[in-house]
Structures are given as structure tokens and as C-alpha cells.
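S.K.: I have a structure here, written as C-alpha cells, and I will follow up with some questions on it.
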Amino acid sequence: MTLRYNTPTVSAEWSQSRETHEAVAMAIHAIADASRSPEKIWEAPTSAEWDQVTMAVANYIANDVFPAEPDGRYPWGMETVTIPAAEASGQIAVLDDCTRDANIIGYAKNEAEAADVFMAYMQERMAPDDFATLHRPTYTHRHETSVVSPAFEPLF
């Protein structure tokens, strides 16, 4: 995964005095500009700023700028940015079908891994003779699905 956000230096005092995780503090500073200072973003983020900070923190973790927190929680003052461990590692959900009743069957970083997850999932649930006739599906990355977004969906 490519590092998509700047990594500005933020003083430990800035994050500690605001009870904010260092990754969140860095992300806030990375998205700040002349119209919105880090302090303004920290105090009252817009929904777009919250989303940008969340994406930046996930990107920092996926690129080993910061280690992932075991519980996926990154404090922002009295609030918390939550990033599931799989997402933090650059993985997204793999669905078993493309309906609104689809199930999350695992996580993958790309379409080929998603197909591997599907095949392993099906092998555990099928008789060997039936599994032998199963065709490996092609997966596609969807930014939005009715189950979870983003996700890999099979193309049947």
C-alpha cells in the first residue's frame, strides 16, 4: 500500500495535552490548511475531516508509520477513531456473494487474495467431490456495497 498522506512532525505535548493518539494528531496536522488549523479540526471536525483523519490513520498503520492498536481504537480527545485490525493492515472485507444478504467470509488485500479466501471458505464447507468441480470466481473491488464498504465481491 502506498503512503498517501503527509507525515508532519507533531510535538508529543500537542497530542498528550489533547489526549489524542499520535497517529490521529499527525493525521489532523496533515489535513490542516490555511482555512482550518489543526486546533480547529481537533475541536470541531467536519464529517469530511473526520473521514480524512480516519483514512489517514489507516494509511499510516498500513505503511508502518505507526503500529496498529490491538483493539483498533485511536483516541481523539473524548472521541475515538476506530479502525479494524484487518483494515489497518490494508485488507478489506471479502463477501461470499453480491447480494444484500452476503456474508463477510474473510479479508484480503487484492482481488486474487479475495478469490483465495473464497476458495478456502468453500473447501471447508463442501464435499471434496463437489469442491473439485467448483470454478474459482473472479473478484472485483467495490467502493460501496449493501453489506460493508469497501469490499471485494465475486462476479458470478
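The values are calculated or read from the model by the stated rules, or taken from the named source; none is laboratory data. Only a predicted model underlies this, so the values are computations on that prediction, with no experimental measurement involved. All Cβ positions, even for glycine, are placed from backbone atoms using ideal geometry, and neighbour counts span all protein chains on display. For accessibility, only protein heavy atoms count, side chains too; no ligands or nucleic acids. Shrake-Rupley method; radii C 1.70, N 1.55, O 1.52, S 1.80 Å.
S.K.: Quote the charge dipole size of the chain about the Cα centre in Debye, to the nearest 20; the model charges only the Cβ of Lys and Arg (+1) and of Asp and Glu (-1).
M.R.: Values: 10 positive and 24 negative charges, 57 e Å.
Dipole of the chain, to the nearest 20 debye: 280 debye.
S.K.: Something else about it: Using a 1.4 angstrom probe with every protein chain in place, what is the largest-first accessible-area order of Arg18, Arg4, Arg73, Arg142? Working shown, then result.
M.R.: Details: Arg18 55, Arg4 145, Arg73 115, Arg142 90 Å².
Correct descending sequence by accessible area is Arg4, Arg73, Arg142, Arg18.
S.K.: Could you calculate the contour length gain from Ser146 to Trp50, that is, 0.36 nm times the residue separation minus the distance between their Cα atoms, to one decimal place in nm? The partial results should precede the final answer.
M.R.: Numbers: separation 96, 0.36 × 96 = 34.56 nm, distance 2.23 nm.
Extra length from Ser146 to Trp50 when fully extended: 32.3 nm.
S.K.: Could you point to the residue in Ile61, Thr82, Ala48 farthest towards the positive end of the stretch 35-82's charge dipole, with +1 and -1 charges on the Cβ of Lys/Arg and Asp/Glu respectively?
M.R.: Going by the charge dipole, the pick is Ala48.
S.K.: Suppose all protein chains stay in the model; what accessible area per residue would a 1.4 Å probe give for the chain, in Å²?
M.R.: Numbers: 9150 Å² over 156 residues.
Per-residue value: 59 Å².
S.K.: In a GNM of the chain with a 10 Å cut-off on Cα contacts, which of Thr133, Thr46, Thr80 has the highest mean-square fluctuation?
M.R.: Checking each option, the largest mean-square fluctuation is seen for Thr133.
S.K.: Quick one: pull the percent of accessible area on the chain belonging to carbon and sulfur, 1.4 Å probe, ligands and nucleic acids left out. List each step's numbers first, then the result.
M.R.: Numbers: 4540 of 9150 Å².
Heavy-atom surface of the chain belonging to carbon and sulfur, 1.4 Å probe: 50 percent.
S.K.: Moving to a separate point now. Under a crude label model (7 Å from the Cα following the beta-carbon direction), how far is Gln123 from Glu19 in nanometres?
M.R.: 4.8
S.K.: Also, I was wondering about something else. Please compute the net charge surrounding Trp76, taking Lys and Arg as +1 and Asp and Glu as -1 over other residues with Cβ under 9 Å from its Cβ. Please list the in-between numbers first.
M.R.: Details: positive: Arg18; negative: Glu19, Glu79.
That sum, taken over residues with Cβ under 9 Å, equals -1.
S.K.: Find out how many positive minus negative residues lie around Ser15, taking Lys and Arg as positive, Asp and Glu as negative, among other residues whose Cβ is under 13 Å from that of Ser15. Numbers along the way, then the final one.
M.R.: Values: positive: Arg18; negative: Glu13, Glu19, Glu22, Glu39.
For residues surrounding Ser15, the net value is -3.
S.K.: Considering the options Phe118, Ile31, Ala93, tell which one lies farthest towards the positive end of the dipole of the chain, charges being +1 on Lys and Arg and -1 on Asp and Glu at the Cβ, about the Cα centre.
M.R.: Of the candidates, Ile31 comes out farthest on the positive side.
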